[in-house]
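Throughout, read-outs are computed from the coordinates displayed, never taken from laboratory work. Here the structure is a predicted model, which means the values were calculated and not measured. Here the Cβ positions follow ideal geometry from the backbone for every residue, glycine too, while neighbour counts run over all protein chains shown.
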Amino acid sequence: MSSMDESGKPWPGIVYRLQSSGSLDEIGANVSDSIKIENRYSRDGLNKVLLKRRSGILYVSFNDGEDEQLLDMTSLDKTFDIPVTFGCSLNNKGAPQRYFKGTIRDMSIKIYD
């Protein structure tokens with residue numbers, strides 16, 4: 001899943017992807033060059049991933065577990081209009097790149113006010 005503006009550094013937004021090594025997943029999020037995260041997680045036993053941004057704070061939970069705070073994104077002041085993609089990301093010209101080869105199922109995006 002990608003919702004990251006790749007038109008120029010620091011690439012603001014959020015991405016969740018599989019590492020090429022095959023056993024790890026990665027969550028990356030950028031607000032600025034100094035406010036960012038890149039966390040890796042073991043895929044063993046992982047069935048459900050939930051990313052939430054609540055009041056500007058990014059959280060993740062796995063398999064309906066507790067929320068883990070990842071990054072305070074409240075200082076993100078660069079707005080961008082990038083669609084959420086599943087199975088690829090979009091380059092700086094909006095063309096698909098980094099294709100995932102496999103099966104993706106049971107996905108949803110929920111927006112709450």
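Here are some notes:
- The translational diffusion coefficient of the chain, from Stokes-Einstein at 25 °C and 0.890 mPa s with a Kirkwood hydrodynamic radius over alpha carbon pairs, comes to 165 µm²/s.
- The value for the range 1-40 of Rg(Cα) / (2.2 N^0.38 Å) is 1.17.
- Segment ASN39-SER7, extension gain: residue separation times 0.36 nm, minus the distance between their alpha carbons: 9.3 nm
- Relative compactness, the range 67-113, computed as alpha-carbon Rg over 2.2 N^0.38 Å: 1.49
- Residue exposure sequence - VAL84, VAL31, VAL49 - by fewest surrounding Cβ within 10 Å: VAL84, VAL49, VAL31
- Length gained when the stretch LYS93-LYS110 is fully extended (0.36 nm per residue, less Cα-Cα span): 3.5 nm
- Among the lysines of the chain, pairs that are 8 or more positions apart or on different chains and have alpha carbons within less than 21 Å of each other number 10.
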